[in-house]
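Worksheet: one structure, shown below.
The values are calculated or read from the model by the stated rules, or taken from the named source; none is laboratory data. Bear in mind the structure is a predicted one, so any value in this text is a computation, not a measurement. Because the Cβ atoms are built from the backbone with ideal geometry, glycine has one as well, and the counts that use them run over all protein chains shown.
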C-alpha cells in the first residue's frame with residue numbers, strides 16, 4: 001500500500017509548477033506550513049531529496065523531483081478521471097480535454113472533432129489551443145495540453161504519435177495564370193514567376209526545401225504570415241504559392257478564383273499527426289478523440305490521403 005497521499009502529491013505538483021511553496025499554498029488556499037510538511041513527508045517516504053529550498057528564491061526540483069513531477073501529474077489526472085467517470089459506471093465520458101492544433105490545420109481538423117464530441121459525449125468540455133509547430137510540442141511536454149495535431153516536421157523527442165492523414169504540397173495559382181489549365185505543374189515552370197511565401201515555420205522551410213531538391217531558385221516577391229492572406233494575394237494575381245492545407249472552395253477570402261495544381265513530379269506528402277507525451281497516459285477522453293480522428297473522423301479533409309489504418313509510431 002502506498003505510504004503517500006494524493007493530497008501530498010497535489011501539493012508537490014503545485015510547488016513544482018509554481019516554483020514556490022508560498023505560491024503553491026496561496027493557489028490552493030492552504031498554509032505554507034501544510035505544503036512544506038507534505039514535501040518533507042514525501043521526501044521521507046521516497047528516501048531522497050525532491051526539491052532544493054532556497055530562502056527568497058523559491059525551490060528547484062532535483063532529478064528525482066523532476067521524475068516524480070511527471071509521474072505524479074499523470075497519476076493525479078487519472079484520479080480525476082476516476083472521480084468523474086465512476087458515477088456513470090464508465091459509460092459516459094465526462095470532464096475537460098485540452099487539445100492543441102497547428103494554426104493552418106485547425107480550420108479543417110477542429111470542426112469535425114468538436115462536432116463529434118458535442119453529438120456523442122456532450123459532457124466533455126473540449127478546449128482548443130491554436131499555436132505554431134514549435135510552440136505546441138513544448139506546451140504538451142509542459143503538461144498544458146493532452147494531445148496536439150501537428151505536422152510530422154521537426155518534432156522533439158519524448159512524444160508518442162499516430163498518423164491521422166497525409167497531405168501533399170500543391171501549387172496555388174490565380175485563375176488566369178498561364179499554367180492554370182495544365183493538369184500538373186512543375187516547379188521549374190514557375191522559376192521566373194513571383195512567389196508568395198507563406199513565411200511561418202515549418203511551411204516556409206518545407207517550401208524552400210522542395211525548390212532546393214528540384215534545383216530551382218524561386219523568385220520570392222512577397223512574404224505572408226497568414227494562410228488566408230496568402231490565398232487572397234494569389235487570387236489578386238500577385239503571384240503563386242506552395243501550400244499544404246487545401247480548402248474545399250476554389251476562391252480566396254475575397255471571392256476571387258484560384259486553382260490548385262498537383263506538383264510534377266510528385267512530392268513526398270506531409271504526415272499530419274496526433275502527438276502526446278510518452279510519459280503521460282491518455283485519459284479516456286483523449287483516447288476517444290484519437291480513435292475518432294484515426295477512423296473515420298478526418299476522412300473528408302480536402303486534399304488528404306488516408307491510410308488503411310494509421311500505425312502507431314514515435
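Points worth noting:
- Members of segment 21-35 found to be under 29 Å from the mean Cα position of the chain (by Cα) and crowded, with 17+ Cβ neighbours inside 10 Å, listed by number: 24
- Tallying residues that are in a helix (DSSP H, G or I) and either within 10 Å of residue 191 (Cα to Cα) or within 23 Å of the chain's Cα centre (by Cα) (or both) within segment 210-233 yields 5.
- Among the residues of segment 188-199, the ones that are within 18 Å of residue 231 (Cα to Cα) and surrounded by fewer than 20 Cβ atoms within 10 Å (Cβ to Cβ) come to 3 in all.
- Candidates 163, 149 - the one that is over 28 Å from residue 256 (Cβ atoms), out of contact with any helix residue (DSSP H, G or I) (no Cβ under 7 Å at 6 or more places or on another chain) and assigned to a strand (DSSP E or B): 163
- Residues (buried (at least 19 other Cβ atoms within 10 Å of the Cβ), in a loop (DSSP other than H, G, I, E, B) and within 16 Å of the chain's Cα centre (by Cα)) located in segment 113-142: 133
- Within segment 181-203, the set of residues being within 18 Å of residue 232 (Cβ to Cβ) and without any contact (Cβ under 8 Å) to a residue 40 or more places away in the chain comprises just one member, 199.
- Subset of segment 21-57 (residues that are touching a helix residue (DSSP H, G or I) at 6+ places or on another chain (Cβ under 9 Å) and not in a helix (DSSP H, G or I)): 30, 31, 48, 49, 50, 51, 52, 53
- Flag if residue 145 is farther than 17 Å from residue 244 by Cβ and either surrounded by fewer than 16 Cβ atoms within 10 Å (Cβ to Cβ) or within 16 Å of the chain's Cα centre (by Cα) (or both): yes
- Per the conditions (1) in a strand (DSSP E or B); (2) out of contact with any strand residue (DSSP E or B) (no Cβ under 9 Å at 6 or more places or on another chain), the sole criterion not satisfied by residue 259 is (2).
- Any hit, segment 235-248, residues being assigned to a strand (DSSP E or B), assigned by TED's automatic domain parsing to the domain that holds residue 211 and surrounded by fewer than 19 Cβ atoms within 10 Å (Cβ to Cβ): no
- Scanning segment 154-180 for residues that are farther than 24 Å from residue 225 by Cα and at pLDDT 95 or above returns 176, 178, 179, 180.
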